[in-house]
1. Any residue in region 17-39 that is under 16 Å from W90 (Cβ atoms) and open to solvent by less than 20 Å² (accessible area, probe 1.4 Å) sitting within a Cβ distance under 6 Å of a residue that is among the charged types (D, E, K, R) and part of a loop (DSSP other than H, G, I, E, B)? List the pairs, counting only those 6 or more apart or interchain.
2. Considering region 1-16 alone, what residues qualify as being modelled with pLDDT of 75 or more and open to solvent by 100 Å² or more (accessible area, probe 1.4 Å)?
3. Output the strands (runs of 3 or more DSSP E) that fall wholly within region 70-143 and possess 1 or more residues being in contact (Cβ under 8 Å) with a residue 40 or more places away in the chain and surrounded by fewer than 13 Cβ atoms within 10 Å (Cβ to Cβ), or say none.
4. Consider G60 against the criteria (1) free of Cβ contacts under 8 Å to residues at least 40 places away in the same chain; (2) in contact with a strand residue (DSSP E or B) (Cβ under 8 Å, 6 or more places away or on another chain); (3) over 17 Å from T139 (Cβ atoms): it satisfies all of them except one. Which criterion is unmet?
5. Mind checking which strands (runs of 3 or more DSSP E) fall wholly inside region 22-69 and carry at least 2 residues that are modelled with pLDDT of 95 or more and either over 17 Å from the mean Cα position of the chain (by Cα) or over 25 Å from T144 (Cβ atoms) (or both)?
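The values are calculated or read from the model by the stated rules, or taken from the named source; none is laboratory data. All figures in this text were calculated on a predicted structure; none of them were measured in a lab. With ideal geometry, Cβ positions are generated from the backbone for all residues, glycine too; neighbour counts draw on all protein chains shown. Side chains included, ligands, DNA and RNA excluded: accessible areas come from the protein's heavy atoms. Shrake-Rupley method; radii C 1.70, N 1.55, O 1.52, S 1.80 Å.
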Amino acid sequence: AIGGTGDANTLDDYEEGTWTPELESNTGDNIDNYDSRVGHYTKIGNLVIARVYINGGTKGTVAGSVMRIGSLPFNPNSAVTYQAGTVGYWNNIDIDDRQLMLSVYAANNFAYLFRTRADGGNVQITPANIQDDCRISATIIYETDS
């Protein structure tokens, strides 16, 4: 129970667990190796709070045109177009001191990475922006179909 009695005050779908995040391109090509990577999630009903830390080792050659955090613990809701998260820390990502952001798109099991532009807009992170020993710590909050 969460502060009372009756069905309105019970959680009928609560789950916690871990997941293994990927720093990958839009072709699914990962960086060469990781020094560490860990993901934790909490799922309450159809709401997922996924926390991720990636400590990239050697980048290597990454095919593709844009980068994302892949292998989210649950598939995002196909009816919700854009869902966001927050990046609390990043390092060794060449984006000229711009803000690093992320967004989950409907039914895709990943979050694209973006950076702000000087004109106030944004542009997706490319493999060229990722450097050896990159780090990302983020929280992604999204709805799932399940």
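1. That search, which allows pairs on different chains as well, returns I31/K59.
2. Correct list: D12, Y14, E16.
3. The qualifying strands (runs of 3 or more DSSP E) are 82-93, 130-143.
4. Only one criterion in (1) free of Cβ contacts under 8 Å to residues at least 40 places away in the same chain; (2) in contact with a strand residue (DSSP E or B) (Cβ under 8 Å, 6 or more places away or on another chain); (3) over 17 Å from T139 (Cβ atoms) is unmet by G60, namely (2).
5. Qualifying strands (runs of 3 or more DSSP E): 34-44, 47-56.
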